[in-house]
Amino acid sequence: MPQIRVDLPDDLYGSVKEHGLSPADLLQTAIHDELRRRQLSAETEKYLAELIDEVGEPSEAAVAKAEALVRRIRNGGTGEAAD
């Protein structure tokens with residue numbers, strides 16, 4: 001298995017050791033998770049492009065409604081977005 005060297009700031013290294021964690025395991029998990037996140041993001045972009053080709057760009061009203069819903073969710077609100 002190839003090896004790489006990673007330098008950590010003293011405080012981060014101390015926290016890793018304090019919690020009894022394996023830096024190598026953490027790094028492998030972080031790299032795996034980031035690669036998966038990028039794959040899913042690329043698939044999402046492809047899907048959105050296909051959807052726009054099929055049904056067209058969303059209207060300004062639809063975008064505003066979606067943004068309002070996102071704000072409500074982020075603020076911990078419930079219910080549906082207003083029409």
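The values are calculated or read from the model by the stated rules, or taken from the named source; none is laboratory data. Only a predicted model underlies this, so the values are computations on that prediction, with no experimental measurement involved. Cβ placement follows ideal geometry from the backbone for every residue including glycine, while neighbour counts extend to all protein chains displayed. Ligands, DNA and RNA are excluded from the accessible area calculation, which covers all protein heavy atoms including side chains. Shrake-Rupley method; radii C 1.70, N 1.55, O 1.52, S 1.80 Å.
Once you have a ≥ b ≥ c as the square roots of the Cα gyration tensor eigenvalues for the range 36-78, tell me rounded if a/c is under 1.5, and otherwise prolate or oblate according to whether a/b is larger than b/c.
oblate
With a 10 Å cut-off between alpha carbons and a GNM built on the chain, which of A24, A66, A49 moves the most?
Evaluated over the chain, the most mobile residue of the options is A66.
At 1.4 Å probe size, with every protein chain present, just tell me what the per residue accessible area of the chain comes to in Å².
The answer is 93 Å² per residue.
Out of the total accessible area of the range 1-64 (probe 1.4 Å, heavy atoms of protein only), what percent is carbon and sulfur? Working shown, then result.
Working: 3350 of 5930 Å².
Carbon-and-sulfur percentage of accessible area, whole number: 56.
Among H19, A68, P58, whose Cα lies farthest out toward the positive end of the dipole of the chain, if unit charges sit on the beta carbon of Lys, Arg (+1) and Asp, Glu (-1)?
H19
Determine the dipole magnitude for the chain: charges of +1 sit on the beta-carbon of Lys and Arg, -1 on that of Asp and Glu, nothing else is charged, the reference point is the Cα centre, and the result goes in debye to the nearest 20.
Around 280 debye, computed over the chain.
What ³J(HN,Hα) values, in whole Hz, does the Karplus curve 6.51 cos²θ - 1.76 cosθ + 1.60 give for the range 54-63 when θ = phi - 60°, with x put for Gly and Pro?
3J(HN,Hα) across the range 54-63, in whole Hz: 7, 10, x, 5, x, 6, 4, 5, 5, 5.
If I model a spin label at V16 and Q28 as a point 7 Å from the Cα along the Cα→Cβ vector, what separation in nanometres do I get?
Distance between the two pseudo-spin positions: 1.4 nm.
If I model a spin label as a point 7 Å beyond the Cα along the Cα-Cβ vector, how far apart are those points for K65 and E45 in nm?
Label at K65, label at E45, 2.8 nm between them.
Which label belongs to the value computed from this structure, given these candidates for Rg and Dmax of the Cα atoms in Å: [x] 28.5, 83; [y] 21.1, 56; [z] 12.3, 41?
From the options [x] 28.5, 83; [y] 21.1, 56; [z] 12.3, 41, the structure gives [y].
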